[in-house]
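Enquirer: The structure under discussion is supplied below as structure tokens; questions concerning it will follow.
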Amino acid sequence: MSALFQRNLQSSLPNVVKGEGNYLIDETGKKYLDACGGAAVSCLGHDCAPVIAAIKEQVDKLCFAHTGFFSNEPSEKLASWLVDHAPRGTGAGRVMFLGSGSEAMEAALKLVRQYHLENGEPERCKVIARKPSYHGNTLGALATGYHETRRAPYDPLLRETHYIEVPYRYRMMREGETEAEFSDRLAKQLEHKIEELGAKNVMAFVLEPVVGATLGCVTSPKAYFKTIRKICDKHGVLMVADEVMCGMGRTGTTYALEQEGIAADITTLAKGLGAGYQPIAAVVATQKIMSVISQGSGKLWNGHTYMSHAVVAAAALAVQEYIKSESLPDNIRVRGQQIEECLHSAFSEHPHVGDIRGRGLFWSIELVEDKASKKPYAATQEIAMRIGAAALEIGMMCYPTQGCADGIDGDHVLLAPSYTSTEDEITTIVAVLERAVSAVLGD
Ligand SMILES: Cc1ncc(COP(=O)(O)O)c(C=O)c1O
């Protein structure tokens, strides 16, 4: 009998005892190829020696010193690194470190509120986000995102958020519509929503640059984010990019929005930042935010006990240095192309794979009952979950989710392999996924 409050009390999980490269090994000796980094976290595999050494070294020097009294070197260096690598437009920004993506989203929302109060616009308190999206599981973050099943039990506790749709090409682009028209139609939803709510009441627009868990690696049409940036600027609405999942190299660049040619006002980062070696998240605020606060109260109003923990920051700094010293962005590019090609050759003709989408080392396949009409499977069939279970049985972890078609139905399986993946590992990942799909849906 386990005393651990695990996610599922009706089944028992294998005990993992060791990490070896991009594999995890359980107590029976079974090896699992980690094709999803857990949830897009473990981007350097499970035994990266320089990161582990940096953690040990920092533990020997200093673990915790409260940020009310002290700063520390690893956090200072990591903050500078993140500002130096931020998209143009960030300027002399600043960074705060927290423990999880949800905590970072809460802190980002509170920072937005602080900015508007210090900027003399106290009436700005409404948040617009996109539906579907996932921004975390604490009450504020859960209220901001729209993941139907994760929200449902807590709905009465959640503050009101306003939504526009995600430009989800596969299901939302109209027959005969060009990419530019599609982009414009969806971006304009933001303008209309701001006008409906009254621009002076809106504090932020929150978005995932590449939608992760809820839709499965959905990128936006080319001009979309530039239009969104202009609309936010025109109405004094802050743009908050949730890069918890898609940032830190996952989609090919340190910041996902870099590829869209814009910078958000506030960016949250997490999973790939510490690569799972330590739990860390960050909120990056641009110079625009910082100058209002420095000329105002000069204080960060939102504090947490474990902010800027020295060991955690040392680990994340070592992760980023390793990514750079090993030229892993090049590997992400090459392996990203490989996985795209392999997925297309394995699944393009498959009668139940409706869409293959993604960027960098962040890819999903969407499964449909009928390819011509894009009819999803009923959620009760649990197609994605069964594919995930079949892959695990073979010895590979992938990330299955439901709800992409309408919040309840719609199955997709997400892959987020390590940045250190080899050619053979990528080939194996797609081959195992093919076997798992066949095991559930036939050849
Ligand atoms: C885009 C996004 N934002 C926020 C979160 C919340 O992060 P955490 O689970 O670390 O609280 C997640 C987690 O999956 C996420 O994918």
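Enquirer: Would you order THR214, THR161 from fewest to most other beta-carbon atoms within 10 Å of each residue's own beta-carbon?
Expert: THR161, THR214
Enquirer: Separate question: Which of GLY101, GLY120, GLY358 ends up with the largest GNM mean-square fluctuation for the chain, with Cα atoms connected below 10 Å?
Expert: Result: GLY120 has the largest fluctuation of those listed.
Enquirer: What percent does the relative contact order of the stretch 53-325 come to when contacts are Cα pairs within less than 8 Å and at least six residues apart? Walk me through the intermediate numbers first.
Expert: Values: 518 pairs, mean separation 83.4, N = 273.
Rounded, it is 31 percent for the stretch 53-325.
Enquirer: Within a 10 angstrom radius of the beta carbon, how do GLU57, GLU175, GLU148 rank from fewest other beta carbons to most? Display every interim value, and only then the final one.
Expert: Numbers: GLU57 12, GLU175 4, GLU148 15.
Lowest to highest Cβ neighbour count: GLU175, GLU57, GLU148.
Enquirer: From zero outward in steps of 10 Å, how is the percent of C-alpha pairs of the stretch 37-171 spread across the bins?
Expert: In order of increasing distance, the bins hold 9, 25, 35, 23, 8, 0 percent.
Enquirer: Working from the alpha-carbon coordinates of the chain, get Rg over Rh, Rh being the Kirkwood radius.
Expert: 0.96
Enquirer: Let me ask you something else. Helix-only estimate, please: 222 nm mean residue ellipticity of the chain, summing -39500 (n - 2.57) across DSSP H runs of length 4 or more and dividing by its residues, to the nearest 500.
Expert: -12000 deg cm²/dmol
Enquirer: Between the alpha-carbon centers of the stretch 145-173 and the stretch 1-42, tell me the distance in whole angstrom.
Expert: When both Cα centres are located, 30 Å separates them.
Enquirer: Which links in LYS271/LYS324; LYS188/LYS222; LYS110/LYS230; LYS193/LYS234; LYS200/LYS271; LYS200/LYS226 stretch past 25 Å when you go from one Cα to the other? Spell out each step's value before the answer.
Expert: On the way: LYS271/LYS324 17 Å; LYS188/LYS222 15 Å; LYS110/LYS230 23 Å; LYS193/LYS234 14 Å; LYS200/LYS271 34 Å; LYS200/LYS226 22 Å.
From the list (LYS271/LYS324; LYS188/LYS222; LYS110/LYS230; LYS193/LYS234; LYS200/LYS271; LYS200/LYS226), the Cα-Cα distance tops 25 Å for LYS200/LYS271.
Enquirer: Continuing with the same structure: Considering only C-alpha atoms, what is the centroid distance from the stretch 188-217 to the stretch 324-386, in Å?
Expert: Each part's Cα centre sits 26 Å from the other's.
Taken together, the values in this text are just the output of simple stated rules run on the coordinates, not laboratory data. Note that this is a predicted model, so its numbers are computed, not measured. When we count neighbours, we look across all protein chains shown, and the Cβ atoms used for this are built from the backbone with ideal geometry, even at glycine.
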